[in-house]
Amino acid sequence: MPYIVHRNDLKPSPAVERGGQRYDLLGQETARLAGAAFELVSLDPGESTGEHVHLDSEHYIFVLRGNGYLELDGESHPIAQNYVICIEPGEKYAVRNTGEKVLELLEFLIPM
């Protein structure tokens, strides 16, 4: 049976250690690939995901709207709408909204 849900029906998932709102589009209950995740992340101006690392997953980010910076292993890279970001397992990173509007991201985590 297909999994179909409208964005308005999603509730933010707790993200105590990181800023922003996170919505699990596919997670532990719905993903067929163990350890995979598909999230919508919304960062208000000035918010950041906080520096973190995924040791056992490739991480892909698509910028839906807004702009900001990707901090990756000590270097800062500007990002904006329609950018695709590929982060390898073990790379330490954070996304920071430096714009005046919401920065919205689609994140895909694929286990190795």
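Computed quantities for the displayed model
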quantity: Qualifying residue in the stretch 65-82 (condition: modelled with pLDDT under 95 and in contact with a Cys (Cβ under 9 Å, 6 or more places away or on another chain)); calculated: no
quantity: Residues being surrounded by fewer than 17 Cβ atoms within 10 Å (Cβ to Cβ) and not hydrophobic (A, V, I, L, M, F, W, C) - total across the stretch 85-97; calculated: 5
quantity: Residues that are surrounded by fewer than 17 Cβ atoms within 10 Å (Cβ to Cβ), at pLDDT 65 or above and in a loop (DSSP other than H, G, I, E, B), drawn from the stretch 3-26; calculated: Y3, I4, V5, H6, L10, K11, P12
quantity: Residue within the stretch 48-55 that is under 14 Å from the mean Cα position of the chain (by Cα), closer than 20 Å to Q21 by Cα and of a type in the set (S, T, Y) present; calculated: yes
quantity: Qualifying residue in the stretch 36-46 (condition: farther than 18 Å from P12 by Cβ, surrounded by 15 or more Cβ atoms within 10 Å (Cβ to Cβ) and hydroxyl-bearing (S, T, Y)); calculated: no
quantity: Qualifying residues in the stretch 47-77 (those that are of a type in the set (A, V, I, L, M, F, W, C) and free of Cβ contacts under 8 Å to residues at least 40 places away in the same chain) - the one farthest from P111 (Cα to Cα); calculated: L70
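The values are calculated or read from the model by the stated rules, or taken from the named source; none is laboratory data. Treat the numbers as computed from the prediction; the structure is a model and nothing was measured. We place every Cβ from the backbone using ideal geometry, glycine too, and count neighbours over all the protein chains shown.
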